[in-house]
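Read through the structure below, which is laid out as structure tokens, and then see the notes.
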Amino acid sequence: MSALLTVRGVTRSFYGVSALSGVDFEIGEGTLTGLIGPNGAGKSTLFNVVSGLFPPDGGRVSFAGEDITGRPPKRVVERGLVRTFQLARGFPKLSVFQHLMLYGPHQPGEHLWAALSRAATGRKREEELAERAFGIARRLKLDHVIDNAVTHLSGGQKKLLEIGRALMSEPRMILLDEPMAGVNPTLTGEIAAHLADLHRSGITICLIEHDMALIRQLCDPVIVMAEGRTLTEGTFAEVAADTRVQEAYLGRRH
Ligand code: ADP
Ligand code: MG
């Protein structure tokens, strides 16, 4: 399996405190890879660096054979790599439909009002985007709330919308940062089913999740980070049996 995302020697510190101190791994195309590690291990920071939110202090990130180190988020998204956030961001007064339309492909950096009143750029493209937005809403079972304001969605629906937003850019790979956090068990199961479905449809996924039952159920391989580094990688059973991983979760008591 060829590597789609490669991270080599990535470092990053904040105000002199190291958050990433040499992260190395590859993610194979077509995998649903889990990224786990104790709180503060640097998982979210790594996603921020890979997706272009923060430049790294050192190291390299490449995607689909292209060096994307330090590129701004919209350039990274254009290449087909998109991330979701723990909390859906954006414009609460917009409807679900408008929110999805904002994140259609080929409008990097476009401003809100330009996007909403885009008369000049052609009705056909507008219609294609609308089709895509409806398709994604159906797929995520958000079609019955498509005209509702984002503010009026339940917490779980907001999580689904965040995945929908990522899908609007037609990604080749999605980085998901705790998409089930704070969601009830039924919806957690639904989100898990959506992720498995996206994976089957050919999208490469990297999932940060603290619920080990979900990681075991969904992910292969699993990458473990601790203290700003990659600790190990393997199947869930392999990493769970690794004493270094157990120690990292116990806060290295000896
Ligand atoms: P994880 O997602 O694995 O729990 P994080 O990536 O959130 O870990 O955090 C790793 C370390 O980096 C933590 O010590 C955290 O406080 C620090 N950190 C992350 N982002 C910032 C930031 N924007 N400013 C300062 N420190 C940060
Ligand atoms: Mg985090």
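Kirkwood analysis of the chain, using all unique Cα-Cα pairs, places the hydrodynamic radius at 19.0 Å. Taking the 1.4 Å solvent-accessible surface of the chain as the whole, the part contributed by carbon and sulfur is 52%.
This model, with +1 at the C-beta of Lys and Arg and -1 at the C-beta of Asp and Glu, gives segment 186-253 a dipole about its Cα centre of some 200 debye. Taken as Cα centroids, segment 3-18 and segment 149-202 sit 26 Å apart, rounded to the nearest whole angstrom.
Starting from the Kirkwood radius over alpha-carbon pairs of segment 158-254, derive D by Stokes-Einstein at 20 °C in a medium of 1.002 mPa s and give it in µm² s⁻¹. Let's see the in-between values first.
On the way: Rh = 14.6 Å.
Estimated diffusion coefficient is 146 µm²/s.
Taking Cα pairs under 8 Å and at least six residues apart, what relative contact order does segment 128-254 come out at, in percent? Walk me through the numbers on the way to the answer.
On the way: 103 pairs, mean separation 20.3, N = 127.
Relative CO of segment 128-254 lands at 16 percent.
Ranking Gly156, Gly37, Gln98 by how far each Cα lies toward the positive end of the dipole of the chain (charges on Cβ) leaves Gln98 at the top.
Rounded to the nearest 20, the size of the Cβ-charge dipole of the chain about its Cα centre is 580 debye, with Lys and Arg at +1 and Asp and Glu at -1.
Report, for the chain, the % of DSSP beta bridges that are antiparallel, rounded to 5.
Working: 23 of 38 bridges.
Beta bridges within the chain, antiparallel portion: roughly 60 percent.
Rounded to the nearest 10 degrees, what's the angle between the helix 123-139 long axis and the longest principal axis of the chain, both from Cα atoms, 0 to 90? The helix 123-139 is inclined about 50 degrees to the chain. Helix 185-200 and the longest principal axis of the C-alpha atoms of the chain enclose an angle of approximately 90°. Take every Cα pair under 8 Å whose residues are at least 6 apart in sequence, average their separation, divide by the length of the chain, and the relative contact order is 27 percent. Between the C-alpha center of segment 127-142 and that of segment 22-84 there is a gap of 27 Å.
Per residue, segment 23-99 exposes 43 Å² of solvent-accessible protein surface, assessed with a 1.4 angstrom probe and all protein chains in place.
The values are calculated or read from the model by the stated rules, or taken from the named source; none is laboratory data. These numbers come from a predicted model, not from an experiment. Cβ atoms come from the backbone with ideal geometry, glycine included; neighbour counts cover every protein chain shown. Quick note on the areas: whole protein, heavy atoms, side chains included, nothing else; ligands and nucleic acids left out. Shrake-Rupley method; radii C 1.70, N 1.55, O 1.52, S 1.80 Å.
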